[in-house]
Structures are given as C-alpha cells and as structure tokens.
1. Once you list every other residue whose beta carbon is under 14 Å from the beta carbon of Glu122, what net charge do they have if Lys and Arg are +1 and Asp and Glu are -1?
2. Using only the Cα atoms of segment 112-189, build the gyration tensor, take square roots of its eigenvalues as a ≥ b ≥ c, and label the shape rounded, prolate or oblate: rounded if a/c is under 1.5, else prolate if a/b is larger than b/c, else oblate.
3. What is the P(r) of segment 128-171, as percent of Cα-Cα pairs per 10 Å bin from 0?
4. Just to be sure I understand: if I project the alpha-carbon convex hull of the chain onto a plane and average over all orientations, what area do I get in nm²?
5. Can you work out the Karplus-derived ³J(HN,Hα) for every residue in segment 82-99? Use 6.51 cos²θ - 1.76 cosθ + 1.60 with θ = phi - 60°, whole Hz, and x for glycine or proline.
6. Mind checking the full-extension length gain between Ala182 and Asp150? Use 0.36 nm per residue of separation minus the Cα-Cα distance, one decimal, nm.
7. Which one of Leu71, Leu121, Leu85 has the biggest mean-square fluctuation once the chain is modelled by GNM with Cα springs under 10 Å?
8. For the modelled label position 7 Å from the Cα of Val35 along Cα-to-Cβ, which residues of segment 1-22 have backbone nitrogen atoms closer than 17 Å?
Amino acid sequence: MVAGPLVGVLALQGAFAAHRRVMEELGARTREVRVVADLEGVDGLVLPGGESTTMSLAVEREGLAEPIRALAARGAPLLGTCAGLIMLDREHLGVMDILARRNAFGRQVRSFEADLEFLDLEGGPVHAVFIRAPWIAEHGPGVELLASVDGHPVAARAGNVTVLSFHPELGTDTRLHERFLADVRAFTG
Ligand code: GLN
C-alpha cells in the first residue's frame, strides 16, 4: 500500500486533534507540529482554531514563523481555520494578503452555525460552525473569496493557501478537508 501524504497539524494550542482525526479518516498520515523539526517532510500544514494571541506567542517562541512561511513559499498547501486564518494574515505570518478582523461577529462570545454557499464546491451548501470567528476585512487582488456571511468574507483562497473563518473539523461534512487533501496529493505528485 502506498503511504498517504503527510499532513502537519500545528499543535501548539487549540483544536488540532479533531483536524488530525478527520485527515486520518480520509487516508492521510498526520503529524502534530510543535517544533521546527516536526515540519521536516510534511506535504501540507493545517493551522487550527484556538486563540490567535496564544498561538502567535508560541509560534514566535518556537521559531516556527519563518519555516512556515518557507513551506508556503515552496507551494505546500496550507489550511488556516478560525484562529488559523488570523495566523496567516498580513499582521501575523503574512502568508496571505488578507487582514482578519478578530471576533468580528460581535463583541461578546458569539457562536453560530450557517449554511454557506461555496464557490466551486459540489454537493450543496456547507454547514459551518462559527466560534468567536473572524472575518476577512481586507484582501489583496490575488485573493479569491469563496464564501461569505451577511456580505463578510469567511472563506478565501490564494494559490496553495486556503482560509476558513469557521471550524470545518466539527460536524460530518468532510468536503473541505477532502479538497485540501486533493491539493496536498497534487503537490506531492
Ligand atoms: N477568537 C479567536 C481569536 O481571535 C478565534 C476563535 C477560534 O479559533 N475559534 O483568536
């Protein structure tokens, strides 16, 4: 049997375990990434939801910022969800030309679910779980917006990097993980 691609899941903080489980159910091998050496040999990277301030501090502490940027620059697919979206924006890792607005759907702890029409995804809307989610307040010309809530972009893609404001690892719809894995497989050839 041919081994599946190796997907790294940033595991400094937050909702990494559920991402791992979904990826493995879909046939990928996964590795929790906590230090630079963990990135060796990964074919793609998931940045999970959690708390972006805590995650940023941990990324800095471990010296992971530059290696993550280098992985993206090599063309490896990256998927940032919720706090992971924030991590990839201009003010954090600078991997994607977007500016995230944190906790954008309300000042209080605000969580909700919504059915999202996704550009170029077959099989109907995605049922999405939002937990103190950001939205994309600004984006550069190379960024393709994929879905929005009340006119605010909550999913986008630029080349090999995809960001989602919500938590695709919660629930039973695995299409967005499948799409990410298809990108990873294409990258590994
Ligand atoms: N509100 C969190 C932040 O700003 C993100 C929430 C999440 O990842 N579910 O970092």
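1. It works out to a net charge of -2.
2. Because a/c hits 1.5 or more and a/b fails to exceed b/c, segment 112-189 counts as oblate.
3. The distribution over segment 128-171 is 28, 56, 16, 0, given as percents.
4. If you wrap the Cα atoms of the chain in a convex hull and average its projections, you get 10.1 nm².
5. 6, 4, x, 5, 4, 4, 8, 6, 4, 8, 10, 6, x, 7, 10, 7, 9, 10
6. Stretched fully, the Ala182-Asp150 segment lengthens by 8.6 nm.
7. It is Leu121.
8. Label zone hits: 9-13.
Since every read-out is calculated from the coordinates, none of them should be taken as a lab result. Being a predicted model, the structure only gives us computed values, none of them experimental. Every residue, glycine among them, receives a Cβ derived from its backbone with ideal geometry; neighbour counts consider all protein chains shown.
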